[in-house]
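Reading through the structure tokens given below for one structure.
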Amino acid sequence: MIYKTHILFAITPICAFETIYDYLVLEDEIILYLFISIGSLLPDLDEEESYIGKRLNFVSIVLKLFGVVHRGVTHRFISLILFALAIFILQKQIILDDFTKLAVYGLFIGYSLHLLGDMLTKGGIENFYYPISSIKAVLLPRNLRFYTNSKQELLVYYLLVGFLATTIFLRLVYLSY
């Protein structure tokens, strides 16, 4: 997926969920969406030509020097487990303020949804369950998956834009009552 689709793929379901359940005040939602957006780009730091890789080129170069390849270690289930474990340890060892909690949870949600988004592409994620299995992780049959930056991905992008716009519209209508 290209960066715009990754961001929308991560933000849209959370916005829909928040519209239904309304847990957060608007300021906290904005913080959460900002960090979800950042988190949705983080796994692609392993690719120098990605949106985030171009902006944090030094990180991409260092990762490459350590032998990290695109959709490698940053795209593994074990990375998600370690991320979740780090959050758990942080919460147990340090009292996190609300901003930091929103930031950390947002990064984790974005990171997780990035990986799910990559599972919708033709390539899927090779060795996602390493070291347990070398199976490729995909969410749909091959004929329903798409190539990155293809017309099909553009369609997914516009569907997400439409769904997000509808969600925001419904929220505004709901708030007016």
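The values are calculated or read from the model by the stated rules, or taken from the named source; none is laboratory data. Just so it is clear, the model here is predicted, and its values are computed rather than measured. Because the Cβ atoms are built from the backbone with ideal geometry, glycine has one as well, and the counts that use them run over all protein chains shown.
Screening region 95-112 for residues that are among the aliphatic types (A, V, I, L, M) and touching a helix residue (DSSP H, G or I) at 6+ places or on another chain (Cβ under 7 Å) and picking the one that is nearest to Asp44 (Cα to Cα) gives Leu107.
Scanning region 150-177 for residues that are within 21 Å of Gly123 (Cβ to Cβ) and either touching a residue at least 12 places away in the same chain (Cβ under 8 Å) or in contact with a strand residue (DSSP E or B) (Cβ under 7 Å, 6 or more places away or on another chain) (or both) gives Gln152, Glu153, Val156, Tyr157, Leu160.
Residues considered: Tyr147, Tyr111. Of these, the only one that is hydroxyl-bearing (Ser, Thr, Tyr) and in contact (Cβ under 8 Å) with a residue 40 or more places away in the chain is Tyr111.
Conditions tested, residue by residue: (1) surrounded by 18 or more Cβ atoms within 10 Å (Cβ to Cβ); (2) touching a helix residue (DSSP H, G or I) at 6+ places or on another chain (Cβ under 6 Å).
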| site | (1), (2) |
| --- | --- |
| Gly117 | yes, yes |
| Leu120 | yes, no |
| Glu126 | no, no |
| Tyr130 | no, no |
| Phe146 | yes, yes |
| Leu159 | no, no |
| Phe169 | no, no |
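So which of Tyr33, Tyr51 ends up being modelled with pLDDT of 90 or more, over 27 Å from Ser133 (Cα atoms) and touching a Cys at 6+ places or on another chain (Cβ under 9 Å)? Result: Tyr33 is the single residue among Tyr33, Tyr51 that is modelled with pLDDT of 90 or more, over 27 Å from Ser133 (Cα atoms) and touching a Cys at 6+ places or on another chain (Cβ under 9 Å). Pairing residues of region 76-105 that are modelled with pLDDT under 90 with residues that are not basic (Lys, Arg), at Cβ distances under 6 Å and at least 6 apart in sequence or on separate chains, gives Ile87/Val104.
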